[in-house]
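Remarks on the structure that follows.
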Amino acid sequence: MIFLDFDGVLNPFPFDPNPFTSESPWTDFTAHTVSLPANSGYVRQFVVNVSQTAADALWEASNGAITWHTTWNEDNFANRFISPLFGWSSLFRAPHLPYVKHGWWKLEALQQLDEESGLPDRFVWIDDDLKGEQEAWDWCESRGGLPLSPVSNVGLTEQHLDEIGYYYEN
């Protein structure tokens, strides 16, 4: 099972479209404009830059066991607007808890999920913000998980995929 953030992982930002200066190993990035409905009736537009090769490699590394763990879970935006970009059907979503009283909402969401239904013995948590959340990193490792924190403007790399493969093989 992989708990997956989107921005900074499969959507590097700020995005560098120049293949000569970009640090990303993927060369097939495609820009997509995603229009999200807002409560006010207006539409918010975001440009996301995604690599189908990176998404396919992650899907294969996870054997299709991916759970969205992203702010895009609000109103099911990840499944409604992001999954279709990769040809993925609706994925399970971790709870979206943007208004926690203390700590990081993503950690509290996984802890809640663990308490309610239990997490698998082996899981991967990929989030570009993990490197700045020591409590979350430590909790993930204490549960036997593999925390990975890509550089935001690079996103997922082949090294991350190798780490996932090694983790699941051993």
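Highlighted here are the strands (runs of 3 or more DSSP E) found entirely within the stretch 1-56 that include at least 1 residues which are of a type in the set (S, T, N, Q): 29-37, 43-51. Within the stretch 130-150, the set of residues being small (Gly, Ala, Ser), in a loop (DSSP other than H, G, I, E, B) and closer than 19 Å to Gly118 by Cα comprises Gly144, Gly145.
Considering the conditions (1) in a loop (DSSP other than H, G, I, E, B); (2) touching a helix residue (DSSP H, G or I) at 6+ places or on another chain (Cβ under 8 Å); (3) of a type in the set (Asp, Glu), Asp121 is excluded by exactly one of them, (2). Just one of the numbered conditions (1) open to solvent by 80 Å² or more (accessible area, probe 1.4 Å); (2) modelled with pLDDT under 95 is not true of Phe77: (1).
Candidates are the residues of the stretch 10-28 that are in contact with a helix residue (DSSP H, G or I) (Cβ under 9 Å, 6 or more places away or on another chain) and of a type outside the set (Gly, Ala, Ser); the one that is surrounded by the most Cβ atoms within 10 Å (Cβ to Cβ) is Asn11.
When the residues of the stretch 151-168 are filtered to those that are of a type in the set (Ser, Thr, Tyr) and outside any helix (DSSP H, G or I), which remaining residue is nearest to Asp5 (Cα to Cα)? Selected residue: Ser152. Taking only the stretch 44-72 into account, find how many residues are within 18 Å of Val124 (Cα to Cα) and either of a type in the set (Gly, Ala, Ser) or open to solvent by less than 50 Å² (accessible area, probe 1.4 Å) (or both). Of the residues in the stretch 44-72, 13 are within 18 Å of Val124 (Cα to Cα) and either of a type in the set (Gly, Ala, Ser) or open to solvent by less than 50 Å² (accessible area, probe 1.4 Å) (or both).
With respect to the conditions (1) open to solvent by less than 80 Å² (accessible area, probe 1.4 Å); (2) within 21 Å of Glu60 (Cα to Cα); (3) more than 15 Å from the chain's Cα centre (by Cα); (4) of a type outside the set (Asp, Glu), Tyr166 falls short on a single one, namely (1).
Only residues that are part of a helix (DSSP H, G or I) and at pLDDT below 95 were counted across the stretch 82-100, and they come to 0.
The values are calculated or read from the model by the stated rules, or taken from the named source; none is laboratory data. Computed from a prediction, not measured in an experiment: that's the story for all the values here. Quick reminder, even Gly has a Cβ in these numbers, built from the backbone with ideal geometry, and neighbours come from all protein chains shown. What goes into the accessible areas is simple: the full protein's heavy atoms, side chains included, and nothing from ligands, DNA or RNA. Shrake-Rupley method; radii C 1.70, N 1.55, O 1.52, S 1.80 Å.
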